[in-house]
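**Q** My questions will all concern the structure given below.
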Amino acid sequence: KEMNKSLIAKVGWRVMNNEHSLWAQVVRKKYSVGDLKDMRWMMAKGTWSSTWRSVGLGLREIVARGHRWVLGDGRQIKFWSDTWLSDDPLLLSITYVLPQGQENQLIKDLWKDGIGWDVENIAPYLRINDLSSLQSCLIM
């Protein structure tokens with residue numbers, strides 16, 4: 001059974017990543033395939049075929065669980081509003097209101113080369129467990 005899930009998840013992975021393949025483009029359009037970062041589109045709908053339901057299950061249970069953000073240089077991920085550290089954006093778990101305009105800060109804005117996270121500007125807004133999780137993440 002697990003092997004079947006893995007195989008069907010591989011089909012889902014190909015649908016999501018074969019940008020130039022006509023069959024993948026048709027399937028993405030028909031089933032409104034979105035991004036792995038926002039899994040709401042993966043919830044089964046009554047119009048889905050049994051095959052696509054299986055693909056959705058494989059994507060949810062195998063691909064999405066192993067999918068993680070790659071921080072890279074920190075220029076594409078919003079620190080407070082993207083779901084890069086946990087299942088929810090940090091903005092939903094802050095302890096104090098952020099100063100205006102900071103909700104769109106990029107990761108690179110809160111990283112100091114050679115030092116690490118700009119804890120002075122992050123810690124007042126995060127819970128201790130989020131701060132601990134943050135310490136385990138590095139950008140290149």
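The values are calculated or read from the model by the stated rules, or taken from the named source; none is laboratory data. Just so we're clear, the structure is a prediction, and the values are computed from it rather than from any experiment. Here Cβ is always computed from backbone atoms with ideal geometry, including for glycine, and neighbour counts include all displayed protein chains. With ligands, DNA and RNA removed, areas are computed over all heavy atoms of the protein, side chains included. Shrake-Rupley method; radii C 1.70, N 1.55, O 1.52, S 1.80 Å.
**Q** Which of the aspartates and glutamates could a cross-linker bridge to residue 29, judged by Cα under 13 Å and excluding same-chain residues fewer than eight apart?
**A** Candidates past the 8-residue exclusion: 19.
**Q** Rolling a 1.4 Å sphere over the protein heavy atoms, what is the accessible area per residue of region 58-97, to the nearest Å²?
**A** Numbers: 2490 Å² over 40 residues.
That works out to 62 Å² for each residue.
**Q** Please compute the Kirkwood hydrodynamic radius of region 5-75 from all pairs of different C-alpha atoms, in Å with one decimal. If you can, show how the numbers build up before the last one.
**A** Details: mean 1/r = 0.0789 Å⁻¹.
Kirkwood radius, region 5-75: 12.7 Å.
**Q** Right, something else. How do the peptides 80-87, 6-13 rank, highest first, by the average count of neighbouring beta carbon atoms within 10 Å per residue? The partial results should precede the final answer.
**A** On the way: 80-87: 15.6, 6-13: 17.6.
Sorting 80-87, 6-13 by mean packing, highest first, produces 6-13, 80-87.
**Q** When the helices in the chain are scored as -39500 (n - 2.57) per DSSP H run of 4 or longer and the sum is shared across all residues, what 222 nm value do you end up with, to the nearest 500 deg cm²/dmol? Don't jump to the answer; show the numbers that get you there.
**A** Values: 5 runs with 46 residues, N = 140.
Helix contribution divided over all residues of the chain: -9500 deg cm²/dmol.
**Q** Using each residue's phi in region 105-117, evaluate 6.51 cos²θ - 1.76 cosθ + 1.60 at θ = phi - 60° and report the 3J(HN,Hα) Karplus result to the nearest Hz, with x for Gly and Pro.
**A** 4, 7, 4, 4, 6, 10, 10, 10, 4, x, 10, x, 5
**Q** Take every Cα-Cα distance within the chain, group them into 5 Å bins from 0 onward, and report for each bin the whole-number percent of pairs it holds.
**A** Calculated P(r), rounded to whole percents: 2, 9, 17, 18, 14, 11, 11, 10, 7, 2, 0.
**Q** If I take all pairs of Cα atoms in region 67-116, what percentage of them are more than 12 Å from each other? Could the numbers behind the result be given before it?
**A** Values: 785 of 1225 pairs.
I get 64 percent for the Cα pairs in region 67-116 exceeding 12 Å.
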